[in-house]
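Below is one structure, written out as structure tokens, with a few remarks after it.
Read-outs throughout are calculated quantities, based only on the coordinates presented, and are distinct from any laboratory measurement. For clarity, every value in this text was computed on a predicted model and none was experimentally measured. All Cβ positions, even for glycine, are placed from backbone atoms using ideal geometry, and neighbour counts span all protein chains on display.
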Amino acid sequence: MRLSRPRGELRYRTRRGTFFLHFDASRPGLVEDGKVRLAIAEDAGDGLSVTLHADVDLAVEALTLRYEFPVREGDRFFLNGYQSWTDTREFSPDERIHPFPPLARPALERFFRTNHYGDYDIVPPSGRSLHGFTYFYLREAEGSAIELLGSLSEREGFTVFRVLPEEGRLVVQKDCEGLNLRAGSTWKALRLHRGVGDEHQVFDTYLRRFHATSGVVPRPAAPGTGWTSWYYHYTNINESIALKNLDAFSRRRIPIDVFQLDDGWQGAVGDWLDVNTKFPRGLAFLAERIHEAGYRAGLWLAPFVAEKSSRLVADHPAWLLRDERGEPVPAGNSALWSGDFYGLDPFHPGLRDHLARVFDTILGAWAMDLVKLDFLYGACLVPRHGKTRGEMMTCAMELARELVGDKMILGCGVPLGPAFGRVEYCRIGPDVGHEWKNTLTRGLGIRETISTVTALENAVGRHHLSGRAFLNDPDVFFLRDLSFGHERFDPFLALQQARWGKKQPLSRDEKYTLFLLNNLFGRLVFTSDDIDEYDDEVMDLYLSSFPLREKEDVRASLAGAPPAFGEVGGFYEVHFRIGELRYTVLANLSDAPARRALEKDAFSRGIRGEACFHSAGEVVSLPPHASICLLEDGGAEARLVGSTSSLFPGSDIHSLAPDGEGGLRALRAPRARGRGLVFLRPHAGEPGARVNGVFISAKPHGRRGSLVAIPAASLPEAPAEAVSRVSSDATPTRGR
């Protein structure tokens, strides 16, 4: 273990002034000064807990622990960003988080309210350190083991991890702002878990303990796919557009799970009971049509913010979060709304009653199955009622969970710790854009910016949460053609383009990388495309993603250039399993070409659907922002070689088993829709193979020898109840 024994400091204020209490956090016992008592206890393993007992009225100003550790070349520090959209990944010791540029800061904060989207007012960046929230880990160069420190509860206050590489120090601090304690009260200040070892085992233990300590039972949910209106139509969505897209999926019998209506249906943000005139037959009608098509109905709303033009702001100003001067606290500014929008007080009885009516209507009268709850950070913009931001956010998530009941929540724009176990699905990255990097915001130090490459880095960085804290939503993919030809002139954008270059829509390689990685790391995978616009080649690629099967034992590591601030991605190698099939994805998110030599024979499906056979020792070359998915060859005894009908070759085959007559019984996975070929290896010396009672001759396929090629669509589909047996039954079996 690299981290030293921690030293602690408490700073608090009473009527007589400000006081400090220093303590050795590695020694269990009681530390007191006549005004406060700190109970320090060992936690399971190498963790610890600190509990404060107030003997006088006081305000807690800071509680910190300091760990010393030697920084070594090649170290990587994982730092979890403040909320869903904040950039999150493993950082190198030479990186720093910098404040907004001085010339841009007034406009960013005063007009665009950029500082309210993230932690800029909670942990102002100094340019000397790195920081993250809730949990942290250290990974050594070339190592798979990690050393993790993680908070077991964010109710008492957000836990901030600050790394000062030049000093070789990790500082753990509680966000205590706003915390007032009465004499005789107790504050469970800090509960930390410490784990060292294999990444999967460490996170299994940590998240299990987090749920137990927080008293949360994780919500059961299955991986899913769907369509959402936002990334094509934005606030221009209407009933006819929604029905047109619904018909496109239903007519083709595309097996998505959720059809979701995003922002643009409401009278104003905050006025959730007012459906605007673009939906003349109402949302109950739309949900009924979605159900008739065989899909679940999803609906977007943002329960803890309201835009300035809303009736809620005009009629219920007491529901708004207010600062110490009594002014409403902006949660941001949107040109798609009426400008500023404000955070709402999750403890106000009037708001709580109102939200109960809102969710009763949406989930009951309108019969929605899933709600996407967005801009959730609006509930904790400032501490209020003697409570920290962490307690306000936790209570807001508890309220949301109570009001939604057994229906499903997709959380978004939320500090992740309070969402652990309280939502079925959660966004873990920023919005993707129509370009790789965000030309408009580059160089401004905004960590919650719209960015495709940042969304992908977050998908890699936070993949360990999926299936443990909730199921990850990495945001949508695009397969349609994208263009900036109809944008209006923007003078600021023109200045940015003069500095960074002209905006370029996502290339074919970039769209494929987004599609592949979302289907690899995502367990809720959406698109907003109008699939009627797809040509045959693009439709084949889209259909190759069904079914969305579980990826197991996912391990991602840097294979080359690391990521960096400024929306510079890294080159990653990802190993995982689907059933018994083993895969490697090479994802070059960097701005330079990348190369990797293969250790084994492999099969891949090209972007255009072509079969690609790779040999051990072959060097795979990837241009910037390109990716490839490789199915490792199982050897001479493995019958299944690959398929062009699946994004993850071969995973659309449910089972290959002897039919008792010297042939094979081949079944396709339930919900598989790909239209390519399945490649099987005949036994040595045999001219072909009998599959489902039909003999098929083998044909030469280069170094791989003679293979049998079968149209995937010709295979019978396994019964739906066989889905639970997919992992074991997918094992390639010798057919004699």
Open item on the list: Which aspartates and glutamates, if any, have their Cα less than 17 Å from the Cα of Lys244, not counting same-chain residues under 8 positions apart?
Closed with: Asp262, Glu288, Glu292, Asp529, Asp530, Asp532, Glu533
- [ ] Quick one: what are the phi-derived ³J(HN,Hα) couplings along the stretch 173-184, Karplus 6.51/-1.76/1.60 with θ = phi - 60°, whole Hz, x for glycine and proline?
- [x] 9, 8, 7, 9, 3, x, 8, 10, 10, 8, 4, x
Open item on the list: For a quick check: with amide H placed at 1.01 Å from N, whose amide H comes under 5 Å from Arg605's, ignoring anything fewer than 5 positions away on the same chain?
Closed with: Cys629
Task: Packing-based ranking, highest mean first, of 175-184, 520-529 given that Cβ atoms within 10 Å are counted - done: 520-529, 175-184
Task: Protection proxy ranking of 396-406, 679-689, 539-549 - average other beta-carbon atoms within 10 Å, highest first - done: 539-549, 396-406, 679-689
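Suppose R0 equals 41 Å. What FRET efficiency, 1/(1 + (r/R0)^6) with r the Cβ-Cβ distance, do Arg311 and Ala62 give to the nearest 0.05?
Taking R0 as 41 Å, the efficiency between Arg311 and Ala62 is 0.50.
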TODO: Please work out whether the stretch 179-272 counts as rounded, prolate or oblate from its C-alpha gyration tensor, where a ≥ b ≥ c are the square roots of the eigenvalues and a/c under 1.5 means rounded, while otherwise a/b larger than b/c means prolate and anything else oblate?
DONE: oblate
- [ ] Principal axes first, then extents: for the Cα atoms of the chain, list largest minus smallest coordinate on each axis, whole Å, largest first.
- [x] 93, 62, 53
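Can you give the calculated 222 nm mean residue ellipticity of the chain, where each DSSP H run of n ≥ 4 adds -39,500 (n - 2.57) and the sum is split over every residue, rounded to the nearest 500 deg cm²/dmol?
-5500 deg cm²/dmol
How would you classify the stretch 507-625 from its alpha-carbon gyration tensor, with a ≥ b ≥ c the square roots of the eigenvalues: rounded for a/c under 1.5, else prolate if a/b is greater than b/c, otherwise oblate?
Rounded shape, in that the Cα axes give a/c under 1.5.
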Task: In sequence order, calculated HN-Hα J values of the stretch 372-385 (Karplus, 6.51, -1.76, 1.60; Hz; x Gly/Pro) - done: 8, 9, 10, 6, 5, 4, x, 7, 9, 5, 9, x, 8, 6
Open item on the list: With Kirkwood's inverse mean 1/r over C-alpha pairs for Rh, give me the Rg to Rh ratio of the stretch 325-389, two decimals please.
Closed with: 1.02
Open item on the list: Residues of the stretch 667-693 with backbone nitrogen within less than 19 Å of a virtual label 7 Å along the Cα-to-Cβ line of Glu610, please, listed as ranges.
Closed with: 675-679
TODO: Name the residues whose placed amide hydrogens come within less than 5 Å of the amide hydrogen of Val269, ignoring near sequence neighbours (fewer than 5 apart) on the same chain.
DONE: Glu307
Task: Peptides ranked, highest mean first, by Cβ atoms within 10 Å: ranges 646-654, 8-16 - done: 646-654, 8-16
Open item on the list: Over the stretch 7-214, what is the relative contact order in percent, taking alpha-carbon pairs closer than 8 angstrom and at least six residues apart?
Closed with: 25
Task: Placed amide H near Lys372: partners under 5 Å, 5+ positions off or other chain - done: Leu299, Trp300, Leu301, Leu410
Open item on the list: Taking θ = phi - 60°, what integer Hz values does the Karplus form 6.51 cos²θ - 1.76 cosθ + 1.60 yield along the stretch 203-220, in sequence order, with x for Gly and Pro?
Closed with: 6, 4, 5, 4, 5, 4, 6, 4, 5, 5, 5, 7, x, 10, 9, x, 6, x
Task: Above-threshold pairs, the threshold being 27 Å between Cα atoms, out of Lys188/Lys407; Lys174/Lys372; Lys35/Lys174 - done: Lys188/Lys407; Lys174/Lys372
Task: Within straight-line cross-link reach of Lys387, aspartates and glutamates at Cα separation under 13 Å, skipping those fewer than 8 residues along the same chain - done: Glu61, Glu154, Glu156, Asp175, Glu177, Asp345
TODO: Check cross-link reach from Lys699 to the lysines: straight Cα distance under 23 Å, and skip same-chain residues fewer than eight apart.
DONE: Lys600
